[in-house]
Amino acid sequence: MIDDPEGQALFEAEARQLTESLEAGLLALRSATGDRALIDGVFRDLHTLKGTGGMFGHAALAAFLHDFETAFEAVRDGSLEVSGPLIELSLKAHDHVLSLLAGGSPEPGEQLLADLGALRRAGTAAAEGAAPRRIRIRFAPDTLSLGGVPGIVLDGLRELGATAIRPLIGDLPPPAALDPAELHIAWEAELPAGIGDAELAEVFLFHEEALEILADPAPGAAQPPAEETGAAPPSAAEAAAGPPRPRDGAMMRVSAERLDEMMDRVGELVIAEARLADLAARSGDPQLVAVAEEIQRLATGMRDTTMSIRMTPIASIIGRFRRLVHDLSQALGKEIELRVEGEETELDKTVIEMLADPIMHLMRNAADHGLESAEERRAMGKPGTGTITVRAQYSGAEVLISLIDDGRGLDAARIRARGIERGLIGPEEELAQGDLLKLILEPGFSTAAQVTELSGRGVGMDVVKRTIEQLRGSIEISSEPGHGAAIHLRLPLTLAIIDGLLVEVAGERYTIPLAAVEHIIELPAEKAEAGAAPQLLNIRGKLVPFLRLRQLFRSDGAAGPHQKVVVVMSGELRVGLTVDQIIGSSQTVIKQLSPLHATQKTFSGATILGDGTVALILDVPQLVAFGQAREEREAA
Amino acid sequence: MTGLSSSARPTADAAGGRDMVTFRLGGELLALPTGILREILEPVRTTRVPNAPDFAPGLINVRGAVVPLADLRVPLRMPRPPADEHTRIMVVELVLNEIPSVVGILAERVHEVTSIDDAALEDLPGVGTTWPPQFVIGIGRWQDSFVMLPDLDAIFSAHLAGESGAQPTSGKDCLP
Amino acid sequence: MQKTILVVDDSPSVRRMVSMTLKGAGFAVVEADDGRAALAAAERSLPDIIITDQNMPNLDGIGFIKAFRALPQSAGVPVIFLSTETEDAIKAQARAVGAIGWMTKPFNDEKLLSVVKRVAG
């Protein structure tokens, strides 16, 4: 953090010298693997480089060198032998240091460090006979009130590869003597061999006295388990050849059904966990709270892992689109090019599967009705080949999938005329452009007369709409006559579990998807009275419409003096929602509403709270659209 | 009346009678086939669904599932006395919009499971009742009383098609 | 949620270095230049973590921790004590009055962040 150009120049010169010396040392070590002087020299270079790098603001460099140095510490204290793979990796690490000094990305360092770590662990494990160490963790009784969090230490142990972590409650005093503010739970865990004392000390920072090593066998004293298990500890060379991360070769196919089942189980776990957390909080017993927090962290980890397993890139269905465009091009006699952007964007596999048909229908429509013939296009000065673009991109907790064609665009006047003819809108009704175009999604908009061979079959536009709504998504349509049309599908990343913000409105509790929450402010006193117009808030210089949930939900009674406004956003638009109270955030397992409540657009689903009651989940895109529409109406 | 193919219709057992659970609504005696009945619950905390029709005003938690609560008194045009200590929720399995669903049905009191002779079913008399005839399968007899068999399929289909007449009027600050 | 850290030190340069480092890592920082000001700040709005020096005018680090721990709302808020290498006796005292641990001065930003992240989780 030192801003000193002269010092910086000095540092760069010194760093150059050190890296050159480091490289020379590593190359020399190749043929003289046991040379202590060379090893010490490499270690010294690394150490100096790390120290000065940290002082001159190269945080990423210092962090990388720190771990690199740890590996060489093992070489220096003799627990790791210098080997070919180690030198190769170290040379690569040296190259990475040069790249970092030149301002390169720290990202490739992660893999290098993982490989170095694996090498070191394998090496030291071999040296120590691969015997794990059992440790006991017993915190001081006042740890909780001093702000210590046992979970952080346990997490750190887990990161080191600790297994079999289990709580011990034998120390609990009898209930009469129990002080609920004191911690009496201890834990036991197994540490893999090769964890250095320095790493352990880092994990036990400020809790050094809590660590007790139960079985720490002397190197070589423990029975090597290789014969018993049939799995030899990997040699250093093998470990270098096969890095610890699973690569393509280590993939496993799992049936989708099992994944669904697993997701259901995780959902149940999360609900049970919420109940436990609720009970624990009400009991005020810190022991119980500690265990509940532990379980909460486990459940969260489990949820994230399970959801990540289910995430699938859009690319998995793109193949079908390419084939379809080829077929359409043949059948219609039009030259069509398919462009795909963001095919690496991932969505829950259920969402992807359900999306394939609607997107294909939209493509058929675009190819059939949107794109003109080659002659027509050329006459308009456009290239003869029409283009359909499928673009996927992340947008907050949502994924935006756009289907764009460069055809003739939608004819708003004709859509309007047909809407009136079909009774979808009144003859006098004025609709915003976006809403007018959305009429094409209504059941009954298409007529038999305009059904053609290609787009008249299978799903209709109303089915597209229904599917997207089922996925808790929304559709926007835009069009520029002569230049093309775009249909944007906005979809949630996942269907199963979200982080929710629990709020209270007139004694009833509701959940708002946390990803959509931008901020929370106090409702200004002059806006507290219902009916005070205009219903706009000035938030950081921008006017944001707000909805009174009490009014929207037709709740009884009057609001208290300290209402809060939860500002939520969908796409670029935002709306404030007034609530009586913020209760907190919690994991929310989304349960679909039954068909009986399918018309309740305000809610996207429901969830079960810790105390077993049901809370409705607000549908943010719907509320935002509603708030914006009302604002436009009032402005008009 | 349409054919008796649906899940909510009673099926005859070997003796020619139908196993039905009898219960009270709006002071009247009603019966539903036990085949669709999953369990009977004491009243639980109900979450109101704002702006929902009176027919399906809330949600309850039935063993970890979110289940809508339906009040048959609305489509059957019956008076609605407040809940008391006899109030129960009958959890039934129905097919709604081709989706197998679980629904809680409010009962003012649940009597017993009994066998009702299907040969003795009568059509709804044209006069004397206010019940919409399209929502009634027929009238049977139980312990010297008349018992009405509501047509759940017809009632729920009508609601799903938006014809129950119980949709709330759209207010200024109310989403469609 | 962004965590707030109360930084207590009478040296403006130390305060500045610590604050900049913490803010850079996404924490909110409240500064106080002695124990008395720190106590007032903590009473006004409870921080998530406190980092305090020992030698300060008005109320020193040990005195501040003692007074802070007397507040009922202080339970669960970790206090990190800053000391120099020569003050071993004072470290033990700090732990006894309610600090969760100490850091030895001087330290660099890397060390500070790794300690704070260990405490903040």
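The values are calculated or read from the model by the stated rules, or taken from the named source; none is laboratory data. None of the values given here were measured: they were computed from a predicted structure. Using ideal geometry, Cβ is built from the backbone for each residue, glycine included, and neighbour counts are taken over all protein chains shown.
Kindly provide the set of residues from the stretch B:94-106 that are within 23 Å of A:LEU616 (Cβ to Cβ) and either out of contact with any strand residue (DSSP E or B) (no Cβ under 8 Å at 6 or more places or on another chain) or within 12 Å of chain A (Cβ to nearest Cβ) (or both), ordered by number.
B:LEU94, B:LEU96, B:ASN97, B:ILE99, B:PRO100, B:SER101, B:VAL102, B:VAL103, B:GLY104, B:ILE105
Of the conditions (1) touching a Ser or Thr at 6+ places or on another chain (Cβ under 7 Å); (2) farther than 19 Å from A:LEU18 by Cα, A:ASP45 fails just one. Which one is it?
Tallying (1) touching a Ser or Thr at 6+ places or on another chain (Cβ under 7 Å); (2) farther than 19 Å from A:LEU18 by Cα, A:ASP45 fails exactly one: (2).
Mind checking which pairs have a first residue in the stretch A:195-215 that is away from chain C (no Cβ under 14 Å) and a second that is surrounded by fewer than 16 Cβ atoms within 10 Å (Cβ to Cβ) and assigned to a loop (DSSP other than H, G, I, E, B), Cβ under 9 Å, 6 or more apart or different chains?
A:ILE195/A:GLY161; A:GLY196/A:ASP77
Do we find a residue being surrounded by 21 or more Cβ atoms within 10 Å (Cβ to Cβ), under 14 Å from the mean Cα position of the chain (by Cα) and within 13 Å of another protein chain (Cβ to nearest Cβ) anywhere in the stretch B:59-68?
The answer is yes, given that some residue of the stretch B:59-68 is surrounded by 21 or more Cβ atoms within 10 Å (Cβ to Cβ), under 14 Å from the mean Cα position of the chain (by Cα) and within 13 Å of another protein chain (Cβ to nearest Cβ).
Out of (1) closer than 17 Å to C:VAL116 by Cα; (2) within 11 Å of the chain's Cα centre (by Cα); (3) assigned to a helix (DSSP H, G or I), what's the single condition that is false for C:ILE65?
So the condition that C:ILE65 fails would be (1).
Given the options B:ARG45, B:ARG38, name the one that is modelled with pLDDT under 95 and either in contact with a helix residue (DSSP H, G or I) (Cβ under 9 Å, 6 or more places away or on another chain) or within 14 Å of chain A (Cβ to nearest Cβ) (or both).
On inspection, the qualifying residue turns out to be B:ARG45.
Here are some conditions: (1) in contact with a Phe, Trp or Tyr (Cβ under 8 Å, 6 or more places away or on another chain); (2) within 12 Å of another protein chain (Cβ to nearest Cβ). C:ARG69 meets all but one. Which one does it not meet?
Every listed condition holds for C:ARG69 apart from (1).
Name the residue that is surrounded by the fewest Cβ atoms within 10 Å (Cβ to Cβ), counting only residues in the stretch C:89-121 that are part of a loop (DSSP other than H, G, I, E, B) and in contact (Cβ under 8 Å) with a residue 24 or more places away in the chain.
Among residues in the stretch C:89-121 that are part of a loop (DSSP other than H, G, I, E, B) and in contact (Cβ under 8 Å) with a residue 24 or more places away in the chain, the one surrounded by the fewest Cβ atoms within 10 Å (Cβ to Cβ) is C:GLY98.
Please find, within the stretch C:73-88, the residue that is farthest from the other protein chains (Cβ to nearest Cβ) out of those that are closer than 30 Å to A:PRO180 by Cβ and either at pLDDT below 85 or buried (at least 20 other Cβ atoms within 10 Å of the Cβ) (or both).
Per the criteria, the residue is C:PHE81.
When residues of the stretch A:575-600 are filtered for being within 25 Å of the chain's Cα centre (by Cα) and either of a type in the set (A, V, I, L, M, F, W, C) or not assigned by TED's automatic domain parsing to the domain that holds A:ASP619 (or both), how many remain?
The number of residues fulfilling the criteria is 5.
For A:SER329, all conditions in the list (1) in a helix (DSSP H, G or I); (2) out of contact with any strand residue (DSSP E or B) (no Cβ under 7 Å at 6 or more places or on another chain) hold save one; what is the number of the exception?
With (1) in a helix (DSSP H, G or I); (2) out of contact with any strand residue (DSSP E or B) (no Cβ under 7 Å at 6 or more places or on another chain) applied to A:SER329, the lone miss is (2).
Give the residues of the stretch A:39-60 that are facing chain C (nearest Cβ under 10 Å) and in a helix (DSSP H, G or I), sorted by residue number.
Within the stretch A:39-60, A:LYS50, A:GLY51, A:GLY53, A:GLY54, A:MET55, A:ALA59 meet the criteria.
Hand me the list of strands (runs of 3 or more DSSP E) wholly inside the stretch A:521-636 holding 3 or more residues that are more than 8 Å from chain B (Cβ to nearest Cβ). Even if it seems obvious, please write down each step before you answer.
Working: elements: A:536-539, A:542-548, A:564-570, A:573-579, A:581-589, A:603-608, A:614-618.
In the stretch A:521-636, the matching strands (runs of 3 or more DSSP E) lie at A:536-539, A:542-548, A:564-570, A:573-579, A:581-589.
Residue-wise test of (1) at pLDDT below 85; (2) outside the structural domain of A:GLN17 (by TED's automatic domain parsing); (3) touching a helix residue (DSSP H, G or I) at 6+ places or on another chain (Cβ under 8 Å).
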position: A:PRO85; (1), (2), (3): yes, no, yes
position: A:LEU89; (1), (2), (3): yes, no, yes
position: A:LEU101; (1), (2), (3): yes, no, yes
position: A:GLU107; (1), (2), (3): yes, no, no
position: A:LEU112; (1), (2), (3): yes, no, yes
position: A:ALA122; (1), (2), (3): yes, no, yes
position: A:ARG138; (1), (2), (3): no, yes, yes
position: A:ARG158; (1), (2), (3): yes, yes, no
position: A:LEU183; (1), (2), (3): yes, yes, yes
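Across the stretch C:89-121, which residue is farthest from the chain's Cα centre (by Cα) among those that are within 10 Å of chain A (Cβ to nearest Cβ) and among the charged types (D, E, K, R)?
Only one residue tops the list, namely C:GLU110.
Out of all the residues in the stretch B:16-24, is one or more basic (Lys, Arg) and modelled with pLDDT under 90?
yes
Confirm whether C:ILE50 is within 13 Å of chain A (Cβ to nearest Cβ), farther than 17 Å from C:THR4 by Cα, surrounded by 17 or more Cβ atoms within 10 Å (Cβ to Cβ) and under 10 Å from the mean Cα position of the chain (by Cα).
On the way: within 13 Å of chain A (Cβ to nearest Cβ): yes; farther than 17 Å from C:THR4 by Cα: no; surrounded by 17 or more Cβ atoms within 10 Å (Cβ to Cβ): yes; under 10 Å from the mean Cα position of the chain (by Cα): yes.
Considered against the rule, which asks whether it is within 13 Å of chain A (Cβ to nearest Cβ), farther than 17 Å from C:THR4 by Cα, surrounded by 17 or more Cβ atoms within 10 Å (Cβ to Cβ) and under 10 Å from the mean Cα position of the chain (by Cα), C:ILE50 comes out as no.
Taking the stated definitions as given, is A:GLY25 modelled with pLDDT of 80 or more, away from every other protein chain (no Cβ under 14 Å) and out of contact with any strand residue (DSSP E or B) (no Cβ under 8 Å at 6 or more places or on another chain)?
So A:GLY25 passes the test.
Looking at A:ALA189 and the list (1) part of a loop (DSSP other than H, G, I, E, B); (2) more than 12 Å from chain C (Cβ to nearest Cβ); (3) in contact with a helix residue (DSSP H, G or I) (Cβ under 6 Å, 6 or more places away or on another chain), which single condition is not satisfied?
Among (1) part of a loop (DSSP other than H, G, I, E, B); (2) more than 12 Å from chain C (Cβ to nearest Cβ); (3) in contact with a helix residue (DSSP H, G or I) (Cβ under 6 Å, 6 or more places away or on another chain), A:ALA189 violates only (1).
Residue-wise test of (1) charged (D, E, K, R); (2) within 28 Å of C:ASN108 (Cα to Cα); (3) assigned to a helix (DSSP H, G or I).
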residue	(1), (2), (3)
A:ARG30	yes, no, yes
A:ALA37	no, no, yes
A:ALA62	no, yes, yes
A:ALA74	no, yes, yes
A:VAL97	no, yes, yes
A:GLY103	no, yes, no
A:GLY109	no, yes, yes
A:LEU113	no, yes, yes
A:LEU116	no, yes, yes
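Right, A:LEU338: outside any helix (DSSP H, G or I) and touching a Lys or Arg at 6+ places or on another chain (Cβ under 8 Å) or not?
yes
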